[in-house]
Amino acid sequence: MDTEEFIKAVSPLLKERGFKKANATWRKDQGESVAVFNVQKSQWGGGNYYINIGTYFHAFGNESTPTENKCHVRVRLSVEDPSIVISAAIEWFQARALLQDAAKLAESDSKKGLVFKELLSVVAT
């Protein structure tokens, strides 16, 4: 499945879960945070792509439509069947929708290099 086919496949799955699309990025406001799902085309072409997801916390900034690289917690998912990817992303977003929950996961996430320093400061206090 190439990039465009994957985007076509995930669009309705994300839309039915309340995400809004802009280009190859979908966002959903979760109250304290924004869930961001992004499909990034490989710079080397060939239909290769990456799936980047992240959570942006309103407590640390005022962006209403943050890009994935601005998210306070981020991860790259494996390219798999679209329904499997969406299920994994939704589960990940739900576990990190609230700042308190993300702070609890920050120690293990930071060991994987997923957490920005702002979130780690919440853990330290």
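Just so you know, all these numbers are worked out from the coordinates, no wet-lab data involved. Note that the structure is predicted; figures quoted are calculated from it, not measured. Glycine gets a Cβ as well: all are built from the backbone with ideal geometry, and neighbour counts include every protein chain shown.
Tabulated results
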quantity: More than 20 angstrom apart: percent of Cα pairs within the chain; calculated: 40 percent
quantity: Virtual spin-label span in nm between Trp44 and Ala22, 7 Å along Cα→Cβ; calculated: 3.1 nm
quantity: Simple label model, 7 Å out from Cα along Cβ direction - Ile84 to Lys15, nm; calculated: 2.5 nm
quantity: Ellipticity estimate at 222 nm from DSSP helix runs (n ≥ 4, -39,500 (n - 2.57)) divided over the chain, nearest 500; calculated: -12000 deg cm²/dmol
quantity: Partner lysines for Lys111 [C-alpha distance under 20 Å; skip if fewer than 8 residues away on the same chain]; calculated: Lys70
quantity: Whichever aspartates and glutamates have a C-alpha closer than 17 Å to that of Lys104, once near sequence neighbours (fewer than 8 apart) are set aside; calculated: Glu32, Glu91, Glu118
quantity: Point-charge dipole on Cβ atoms (K/R +1, D/E -1) for region 3-124, about Cα centre, debye to 20; calculated: 180 debye
quantity: Average Cα contact separation per residue, region 11-105, under 8 Å, 6 or more apart, as relative contact order %; calculated: 24 percent
quantity: Exposure proxy order (Cβ contacts within 10 Å, fewest to most) of Glu68, Glu5; calculated: Glu5, Glu68
quantity: Using alpha-carbon coordinates, inclination of helix 99-111 to the longest axis of the chain, degrees; calculated: 70 degrees
